[in-house]
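The values are calculated or read from the model by the stated rules, or taken from the named source; none is laboratory data. The model shown is predicted, which means the values in this text are computed figures rather than measured ones. Backbone-built Cβ (ideal geometry, glycine too); neighbour counts: all protein chains shown.
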Amino acid sequence: MPKFTELDSHVTLADQLEEDGGPVVLVNVLRVAPEDADQLLLAWSTDAAALKKQPGFISTQLYRGIAGSGTFLNHAVWESTAHYRAARLDESVRAAARELYPAVLIASPHLFRAQAVPGICVA
């Protein structure tokens, strides 16, 4: 069973799921032993295929740390917090992949929105 840790000690994912609003980006740092990477890829792809079918899903991309790292970063875009919350709570979405994840997995999911910085980027 995955162990969940918060990326932000001041604002939990549960806190974030209570806020409504426009598009959100889920960033989830996933850590496994390097020898469990193939198992993580199988589980993640199964999970992602189910989530892709959910209302409000826009896109996802998985990144892996280089040089044989067992650290992965999932970047997923959702139309709103409400859409992500509904998909996350849909037991049928997660049931197929749940048993596939490596026994020792540390996941750190957190939601983000684009931040405007004058002269650099827009929201």
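Residues in the stretch 26-36 that are out of contact with any His (no Cβ under 8 Å at 6 or more places or on another chain) and surrounded by fewer than 18 Cβ atoms within 10 Å (Cβ to Cβ): V29, A33, P34, E35, D36. Summed over the stretch 49-84, the residues that are aliphatic (A, V, I, L, M), surrounded by 15 or more Cβ atoms within 10 Å (Cβ to Cβ) and more than 14 Å from the chain's Cα centre (by Cα) give a count of 1.
Just checking, which of L51, L100, L40 is more than 25 Å from E18 (Cα to Cα), modelled with pLDDT under 95 and not small (G, A, S)? Selected residue: L100, the only one of L51, L100, L40 that is more than 25 Å from E18 (Cα to Cα), modelled with pLDDT under 95 and not small (G, A, S).
Please identify the pairs in which a residue from the stretch 66-87 that is at negative phi has its Cβ atom under 8 Å from the Cβ atom of a residue that is of a type in the set (V, I, T) and surrounded by 20 or more Cβ atoms within 10 Å (Cβ to Cβ), counting only partners at least 6 apart or on another chain. Every condition considered, the pairs that remain are G70/V32; F72/V32; V77/V24; W78/V24; S80/V24; T81/V24; Y84/V24.
If you take the residues in the stretch 1-39 that are among the polar types (S, T, N, Q) and not in a strand (DSSP E or B), which one is farthest from E99 (Cα to Cα)? Applying the filter and picking the extreme gives S9. The residue pairs whose first member lies in the stretch 1-25 and is in contact (Cβ under 8 Å) with a residue 12 or more places away in the chain and surrounded by fewer than 10 Cβ atoms within 10 Å (Cβ to Cβ), whose second member is of a type in the set (V, I, T) and part of a helix (DSSP H, G or I), and whose beta carbons are closer than 8 Å, counting only pairs six or more residues apart or on different chains, are D20/T81. Condition check for L42 on (1) assigned to a helix (DSSP H, G or I); (2) buried (at least 17 other Cβ atoms within 10 Å of the Cβ): one failure, at (2).
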